[in-house]
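The next block holds one structure in the form of structure tokens; read it before the comments.
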Amino acid sequence: MKRFIAFLLMGWLASFAWAGEQKKDVTERLQMATDVLSQMASAPDKGIPEEVLDSAKCIAVVPNLVKGGFIFGGKHGRGVATCRTAKGWSAPAFISVGGGTAGLQIGVEGVDLIMLIMNDKGMQQLLSSKFQISGEGSAAAGPVGRHASAGTDWKMDTEMLTYSRSHGVFAGLTLEGAVVQQDTDSTISVYGRDASFQSVLQGKVATPEMAKGFMKAVTNAAHKAKLQEAREEKK
């Protein structure tokens, strides 16, 4: 009996330690995602165009996405996503990005990844909690600069625009073949249960205190885009 109780106690302590470590990881990820968004909004001349950001239905940030490798290329990272709702922006949903391509590649590079969901079809893919980025209109490297060029077709059928930031410079990024899915461990750590993508991204789950900084960065970035667009219209 004593051994059984000791076994249960060890299991409980291990579970408690794992939960604490998981929450620490999520907190750091939220802070890094907040920094990426804040810096993006403060550099409009070489960042994401205001009208693109203003049109986005969802924003996903994956800080320090690792890509590359020897012989087989790959991408892996974890981040957060939020979507527009009738009351503003939803609480963050936690995601993972993974996938690889065969080919001779040497070296590993960490980049900050931003994905903008641009239409209802792309939003439905995100809400499915697992989908593969396939290109050919569903995902494309996003335009960079203060304004999107009139000659680009980002307003057409593109479901997702992707960006990378390496060494402080934003650029469009191709992510074809990568798989985006729900990060269940982080979701349970933050919300105490396996809350679905749908419930979180549709605004049915309250924003946790630890995510308030990230949500403020999202709101500020989107608001700044609207203000800049209004100023340009008055000229």
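The values are calculated or read from the model by the stated rules, or taken from the named source; none is laboratory data. Remember, it's a predicted structure, so these values are computed and weren't measured experimentally. Cβ atoms come from the backbone with ideal geometry, glycine included; neighbour counts cover every protein chain shown.
Could you please let me know if Ile114 is modelled with pLDDT under 85 and either closer than 24 Å to Met210 by Cβ or among the hydrophobic types (A, V, I, L, M, F, W, C) (or both)? Even if it seems obvious, please write down each step before you answer.
On the way: modelled with pLDDT under 85: no; either closer than 24 Å to Met210 by Cβ or among the hydrophobic types (A, V, I, L, M, F, W, C) (or both): yes.
Considered against the rule, which asks whether it is modelled with pLDDT under 85 and either closer than 24 Å to Met210 by Cβ or among the hydrophobic types (A, V, I, L, M, F, W, C) (or both), Ile114 comes out as no.
Rundown of residues vs (1) assigned to a loop (DSSP other than H, G, I, E, B); (2) in contact with a Lys or Arg (Cβ under 9 Å, 6 or more places away or on another chain); (3) modelled with pLDDT under 70; (4) loosely packed, with under 15 Cβ neighbours inside 10 Å, yes/no style:
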| position | (1), (2), (3), (4) |
| --- | --- |
| Gly122 | no, yes, no, no |
| Phe131 | no, no, no, no |
| Glu136 | yes, no, yes, yes |
| Val144 | yes, yes, no, no |
| Ser149 | yes, no, yes, yes |
| Trp154 | yes, no, yes, no |
| Arg165 | no, no, no, no |
| Thr174 | yes, no, yes, yes |
| Gln181 | no, yes, no, no |
